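Written below as structure tokens is the structure these notes are about.
The values are calculated or read from the model by the stated rules, or taken from the named source; none is laboratory data. Being a predicted model, the structure only gives us computed values, none of them experimental. Cβ placement follows ideal geometry from the backbone for every residue including glycine, while neighbour counts extend to all protein chains displayed. SASA here: full protein model, heavy atoms, side chains in, ligands and nucleic acids out. Shrake-Rupley method; radii C 1.70, N 1.55, O 1.52, S 1.80 Å.
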Amino acid sequence: MKLAIMQPYFFPYIGYYQLVNSVDEFVFFDDVSFIKKGYIHRNTICNQQAPLNFTLPVENISQNRNINEHFYVKNFEKFKSSIYLSYKKTPFFAEIFNLIENILSTDNHNVAELNSKTITSVFEYLDIQKKFSFASTLSIPKEEKGQNRIISICKEKSCSTYHNPIGAKDLNLYDSLYFSKNNIKLKFIKKNIIHTHLKNNNFSMIDILVNNHPIEIKACLSEYKLVS
């Protein structure tokens, strides 16, 4: 069984969705520290061919508390206005704006749970079935950190292969021999998107969703390489 584990981000870039697409089960790493300057609650979209950064307001952000212990401020109107002004003329705006509004209309503004919906809802929109779960529901001791915790999650999930973004390989965050000793194959995913009509594929997934047909997006989710 192939597994991937990542913090729940808000409509991240397409590489995140490729990671999800590459595995049998995806675990949201919701019980780790909230990084203030990270991308948990922020990203970039395209406004008139130029990058536009957005940040969703979160109540009392603290790096001493986990992601799933944070909540969004309930007013998303500024964000929705930015989406409308940036993308109202794009071919799939109506469908995606409706998807965004459905996600934001939930009564549950927990950051981890709302962010996870920006992942799961996209796979539902694309009619791709995937299994999702949350790390906080597992029985892993809280004192376990780093790759030891990843391996423990893999073992609890009976995982034989673990996929991770290529950035972890570049930073030497994981030891493939250590994974191997625990009977887990370690693979790194590297996106390889060649379609120019996808605009900047490092923007939020929103940019790709509003500009491309679901069939095209589904094809792009498989445009990656796995390296050891």
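One table, with the values for the structure above:
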item	result
Among (1) open to solvent by 30 Å² or more (accessible area, probe 1.4 Å); (2) part of a helix (DSSP H, G or I) - the single one CYS154 does not satisfy	(1)
Residues located in region 99-119, provided they are assigned to a helix (DSSP H, G or I), surrounded by fewer than 17 Cβ atoms within 10 Å (Cβ to Cβ) and either touching a Gly at 6+ places or on another chain (Cβ under 7 Å) or not acidic (Asp, Glu) (or both)	ASN102
Yes/no for TYR17 being in contact (Cβ under 8 Å) with a residue 60 or more places away in the chain, in contact with a helix residue (DSSP H, G or I) (Cβ under 9 Å, 6 or more places away or on another chain) and open to solvent by less than 40 Å² (accessible area, probe 1.4 Å)	yes
Count of residues meeting criterion [loosely packed, with under 15 Cβ neighbours inside 10 Å and not in a strand (DSSP E or B)] in region 42-58	3
Residue in region 32-40 that is over 28 Å from GLU143 (Cβ atoms), at pLDDT below 95 and open to solvent by 30 Å² or more (accessible area, probe 1.4 Å) present	no
Close pairs (9 angstrom Cβ cut-off, 6 or more residues apart or separate chains): under 22 Å from ASN21 (Cα atoms) and among the basic types (Lys, Arg) in region 162-181, crowded, with 18+ Cβ neighbours inside 10 Å and at pLDDT 95 or above anywhere	LYS169/LEU186
Residues of region 59-71 classified as touching a helix residue (DSSP H, G or I) at 6+ places or on another chain (Cβ under 6 Å) and open to solvent by 30 Å² or more (accessible area, probe 1.4 Å), total	1
Unmet requirement for PRO141, which otherwise passes all of (1) buried (at least 16 other Cβ atoms within 10 Å of the Cβ); (2) free of Cβ contacts under 8 Å to residues at least 24 places away in the same chain	(1)
Members of region 17-41 found to be in a strand (DSSP E or B) and more than 16 Å from GLN63 (Cα to Cα), listed by number	GLU25, PHE26, VAL27, PHE28
From the options VAL111, VAL122, VAL73, residue that is at pLDDT below 95 and within 26 Å of ASN47 (Cα to Cα)	VAL73
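One line per residue, one yes/no per condition, for (1) over 28 Å from MET1 (Cβ atoms); (2) more than 17 Å from the chain's Cα centre (by Cα):
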position: TYR84; (1), (2): yes, yes
position: ASN108; (1), (2): yes, yes
position: GLU113; (1), (2): no, no
position: ASP127; (1), (2): no, yes
